[in-house]
Structure formats: C-alpha cells, structure tokens
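Peer 1: Sending over a structure as structure tokens; questions will come in a sec.
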Amino acid sequence: MSAIPGHMTPEQFREQGYAVIDWITSYQQRVESFPVRSPARPGDIAGSLPLEIPTGGQDIGALLSDIDAFVMPGITHWQHPSFFAYFPANASGPAILGDLIASGLGVQGMVWATSPAATEVETRVLDWLAQMLDLPTCFHSSSAGGGVIQDTASTAVLTALVAALHRASHGQIRAAGFDRRYTVYSSEQAHSSVAKAVTIAGVGAANLRKIRTSSPGGPMDVDALAAAIRADVEAGAVPAFIVSAVGTTGTGAIDPTVEIARVARECGAWLHVDAAWAGVATVAPEYRAELNAGLEFADSYATNPHKWLLTNFDCDTFYVADRRSLTDALAENPEYLRTGESDAGSVIDYRDWHIQLGRRFRALKLWSVMRHYGAAGLAEHIRYTVALTDRLANRLRADDRFVVTHQQLSLLCFHLADPDPVRGSANTLALMHAINQSGLAYLSHTVIADRALIRVSVGTPTTTEAHMDQLYAELSAGFTSPPGRTV
C-alpha cells in the first residue's frame, strides 16, 4: 500500500519550516508596530474566516498569509515591550526553539518506558531549577520529594489539594468519597484558582475560608487564619489545606509563610506555597530571604518559569516534600501501562504526579533557557525588570497627581490622587481605558478597599527604560493621542 498522499516530505518540511521561522522572526522585529491590545470586537475574527475548509491542500505560505490577514488583527501582543497588563508570558528565542524540538520529537512521556529521556531530563532539570532558586533540599529528587512540570499553577493547586484531602482523610475520600467536612484556607487576595480547585475537588465553596489581610491588599492576617481554623475544628470540620500566596496577583503581596506554617503544623493541614509569579525571582540571591522564608515547612510549592523566567507558556514547576503523599492520591495502574521498571519502583512515572495521563516534553524548553542564559543571565533579567519598575515608581511618587499604593518586585499599583474614592476610581479607570484604547500600552486594574488601582506589571524581555518613560508620559498627560497615530 502506498503512503497517504499529502504528508510533507522532509524537504518540504525544511522549506516550509524555514518560512515559519522567518515569519516568527519578522513578527518579533515588528511587534512594536502593532497596538498592544487587539482592537477587535466580538465576532470580527470569526466573521472574517471562511465557513468551509478548502477542498484541496495548501502550503504553509497560504496559511501564513491568512494569519497576517485574519488572525493578527485579533492578537493582543503579550510580547510587546509595552504590555504591562498581566504578569508576563515570556516567549524567548531559546524557549521557542526548545519547544520546537519537543514538538519535532513528538514523544508522549506518560510513563518512564514511553521515553526514558523525557522523564529523566525533566527530573534533572527540576533539580537544577531547585538549586538555582535555592529551594529546600526536601524538594530535590534525591530526597523523599521532587519536582514535576505541570501546565499551570492552577493545575498545581488542584493537584496539591487532592493530595491534601487524601492525607487528611487517610485515604477515605479516594476509597469511598467524602464522609466529613473538610476546610480550605487562603488569603482573600489569593488567586482565583484556589476557589476553582475547591469546586473541582468537591470540597464546596462554603468550605473555603478567604482570610482577611493584615492591611488593604497586603499579606494574610495569620491571627485571623488561626481563629478561622479554631472555629472550624469546634464545628467538627477537618482543616485540610492552607495556601500561602507569595506574590498575589492583585498587588504582589507576600504572605508570612513561616507563621502560616506554624498554624498548619498545629492543625495538621497541608501547606501549599503558591509563588507562581514571584518565585522565580529567587534566581537572584538578594530576593531569597523574603520569598523563600518558610519553604522548608511547606508540603508543596509551585512557581511558573512561563511567567517571568523567559520560558514560553505552558511551564509550571511543582514540587512536593513527600512524593508518596502525591502518588498515593493519584496513581492508577491499568495493565496496559504496567512495565517491569514501574513495577519494580526503580523509575519515576510522572503520570502519577498530576491529573492528566499524557504529557509533553516540556523540560526541553526550560533546559534550553537555562543553557542559553545561565543562572547569571536569568538573574540579570529579573534585576533589570525590577529596576525598570523602580524607574516608573520613582517618577510617580515624585508626581503629586499619583498615589503609589503597592510595589513588589516588578509589579506596581497606583491611583490618581483624589480624596473622593468614587470619583478618584472613576477617573483612574478612565485613564487606564484611554491608554489601553490608544494601543500604545496595555494596563490592568484591581480594586483594594473600594479604590480602583492601575496595575503595571513589567517583565517583557524587550522592555527598556524608554518604554517606561513613554508610559509615564502617557499617564502624566492624561493621554493625548500622538500626531499621526491612529488605532
């Protein structure tokens, strides 16, 4: 039987692959010419696409042409140097190439035997990262714990919660389901993924305690946490899971993990540290004392190289202090997945470390980033973006029209100076919307103590001092459209 027609030959793949690389390179060179936020309206992109697929095959040139014509108008440019709306989603050259190699290999590393390198490279790369970030040795693979790459920190918190419930129930939940009420605790500023995990795991929203902060938009109030746990225990509930947020999304607040760990130990709850954005900053040693405090007491820890460490999405690194607590909760061993090495316990099968069975070779892109930049280069990336944030913060603090309320690492929150919070919030949001609609920059907001704040999150590799100065000029002017620029 002859081969199915239409498959690319190696020669065609090389030629069309070069065209794709050229297109990506051109995009990187011209990304600053686009409005940062897409001006598309609902239905614009779908309405521009044909209703039927072509009958005959087309080469990559036709696809790239359509991407330029129909897709690009609907792209918000996360790699634009004036993208400040959300935590960065770095897509560096080394990461793109590492991901390309992984795609080219096309392996599925669900168990060790399906590609031994996919497992063993990941184990070693996660150990290297743990060393670079100065994580406790309990998270190294040479200990009882270790690391695994998840897709996102949202999956990591759900996975940790499942393990915590298994431990708290002594296996009852896995075997027969819930027979008691279990409670979960996080700061009111913690990421929404905690609430979603509670829903998915079946704990119930009524059993999630959103603990107040010790200051508006600040860290968790540990006394309030302890009081909530005491009340739940008295009511017959079992405290199962506590999240310490190291770098909250709204303001970058850092929960006091050391104090939270003391409370967790007293009640027997699992302590998960969510450092999705801020954790990677500890590649620079000067940030370790604050960001890593108390990690030696944590049951699990997660940080995202795909945010601020130059590794393209998706790549969350999730560590546990005791891998058995994780695998006992999640392992399934159907006959078709059994191997001699797995049965002997001589290898890691990462399928038992998270929810999904299938897994990409994500470690290649993280390894590629480490090899290209080295620890020193990654630390300089962190320091440079913090310095850029400081540059803007200093300008705003010196301008009595603005009030800076929170600054943590490369995240800055501020509002327009106005004693009336309602009027001030409206004007602050109007300024943000005007800048976003201009296409020159993209900002986001949060609300703390009934006051709207503009968030500026720095971290795109191509952002420079000039871009920070331009943003200040736009903010300072209340936004005036520059001559010749239409969006």
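The values are calculated or read from the model by the stated rules, or taken from the named source; none is laboratory data. The model shown is predicted, which means the values in this text are computed figures rather than measured ones. Methodologically, a virtual Cβ is constructed for each residue, glycine included, from the backbone with ideal geometry; neighbour enumeration extends over all protein chains shown. We work out accessible area using only protein heavy atoms, side chains counted, and drop any ligands, DNA or RNA first. Shrake-Rupley method; radii C 1.70, N 1.55, O 1.52, S 1.80 Å.
Peer 1: Go through the stretch 279-302 and give me each residue that's farther than 30 Å from Gly236 by Cβ and touching a Phe, Trp or Tyr at 6+ places or on another chain (Cβ under 8 Å). Break it down stepwise before answering.
Peer 2: Taking the stretch 279-302 as the starting set, the residues that turn out to be farther than 30 Å from Gly236 by Cβ are 279-293, 295-296, 301-302.
Passing the criteria: Gly279, Val280, Ala281, Leu295, Tyr301, Ala302.
Peer 1: Look through the stretch 61-75, keep the residues that are more than 18 Å from Tyr18 (Cα to Cα) and open to solvent by 40 Å² or more (accessible area, probe 1.4 Å), and return whichever of them is farthest from the chain's Cα centre (by Cα).
Peer 2: First pass over the stretch 61-75, keeping only residues more than 18 Å from Tyr18 (Cα to Cα): 69-75.
Next cut, open to solvent by 40 Å² or more (accessible area, probe 1.4 Å) only: 69-71, 73, 75.
On the way: Ala69: 30, Phe70: 28, Val71: 25, Pro73: 25, Ile75: 20 Å.
Per the criteria, the residue is Ala69.
Peer 1: Sticking with this structure for a sec: Taking interchain pairs and intrachain pairs at least six residues apart, which have beta carbon atoms under 7 angstrom, with the first residue in the stretch 251-262 and under 15 Å from Trp277 (Cβ atoms) and touching a residue at least 24 places away in the same chain (Cβ under 8 Å) and the second aromatic (Phe, Trp, Tyr) and crowded, with 24+ Cβ neighbours inside 10 Å?
Peer 2: Pairs that qualify, where the first residue is under 15 Å from Trp277 (Cβ atoms) and touching a residue at least 24 places away in the same chain (Cβ under 8 Å) and the partner is aromatic (Phe, Trp, Tyr) and crowded, with 24+ Cβ neighbours inside 10 Å: there are none.
Peer 1: Please count how many residues of the stretch 100-114 are among the hydroxyl-bearing types (Ser, Thr, Tyr) and within 17 Å of Val148 (Cα to Cα). Walk me through how you get there before you give the answer.
Peer 2: Residues of the stretch 100-114 among the hydroxyl-bearing types (Ser, Thr, Tyr): 103, 114.
Among the residues that remain, those that are also within 17 Å of Val148 (Cα to Cα) are: 114.
Summing the residues that are among the hydroxyl-bearing types (Ser, Thr, Tyr) and within 17 Å of Val148 (Cα to Cα) in the stretch 100-114 gives 1.
Peer 1: I'd like to verify a number: residues in the stretch 298-340 that are among the charged types (D, E, K, R) and touching a helix residue (DSSP H, G or I) at 6+ places or on another chain (Cβ under 6 Å), how many? Quick ask: steps written out before the conclusion?
Peer 2: Taking the stretch 298-340 first, the residues among the charged types (D, E, K, R) are 299, 307, 314, 316, 322-324, 328, 332, 335, 338.
From what is left, the residues that are touching a helix residue (DSSP H, G or I) at 6+ places or on another chain (Cβ under 6 Å) are 314, 316.
So the answer is 2.
Peer 1: Anything in the stretch 255-295 that is over 18 Å from Val184 (Cβ atoms) and of a type in the set (Phe, Trp, Tyr)? List them, or say none.
Peer 2: Hits for the stretch 255-295 are Trp277, Tyr287.
Peer 1: Considering each residue of the stretch 355-397, count those that are touching a Gly at 6+ places or on another chain (Cβ under 7 Å), more than 10 Å from Gly98 (Cβ to Cβ) and of a type in the set (Ser, Thr, Tyr), and give that number.
Peer 2: Going through the stretch 355-397 one residue at a time, the tally reaches 1.
Peer 1: Does the stretch 74-106 hold any residues that are without any contact (Cβ under 8 Å) to a residue 60 or more places away in the chain and part of a helix (DSSP H, G or I), and which are they?
Peer 2: Those that are without any contact (Cβ under 8 Å) to a residue 60 or more places away in the chain and part of a helix (DSSP H, G or I): Gly74, Leu100, Ser103, Gly104.
Peer 1: When you scan the stretch 82-91, how many residues do you find that are open to solvent by less than 10 Å² (accessible area, probe 1.4 Å) and small (Gly, Ala, Ser)? It would help to see each step written out before you state the result.
Peer 2: Within the stretch 82-91, the first condition is being open to solvent by less than 10 Å² (accessible area, probe 1.4 Å), and the residues that meet it are 82-85, 88, 90.
If we keep only those that are small (Gly, Ala, Ser) too, we end up with 82, 85.
The total comes to 2.
Peer 1: I'd like to know if the stretch 25-41 contains one or more residues that are surrounded by fewer than 16 Cβ atoms within 10 Å (Cβ to Cβ), more than 27 Å from Lys307 (Cα to Cα) and in contact with a helix residue (DSSP H, G or I) (Cβ under 8 Å, 6 or more places away or on another chain).
Peer 2: no
Peer 1: Next up: Looking at Gln79, Gln58 in this structure, which one is closer than 30 Å to Val458 by Cβ and either touching a Ser or Thr at 6+ places or on another chain (Cβ under 8 Å) or open to solvent by 30 Å² or more (accessible area, probe 1.4 Å) (or both)? So that I can check it myself, show each step before the final result.
Peer 2: Working: Gln58 fails: closer than 30 Å to Val458 by Cβ.
So the residue among Gln79, Gln58 that is closer than 30 Å to Val458 by Cβ and either touching a Ser or Thr at 6+ places or on another chain (Cβ under 8 Å) or open to solvent by 30 Å² or more (accessible area, probe 1.4 Å) (or both) is Gln79.
Peer 1: Being under 22 Å from Ile101 (Cβ atoms) and open to solvent by 80 Å² or more (accessible area, probe 1.4 Å): is that true of Glu52 here? Walk me through it before giving the result.
Peer 2: Values: under 22 Å from Ile101 (Cβ atoms): no; open to solvent by 80 Å² or more (accessible area, probe 1.4 Å): yes.
It is false that Glu52 is under 22 Å from Ile101 (Cβ atoms) and open to solvent by 80 Å² or more (accessible area, probe 1.4 Å).
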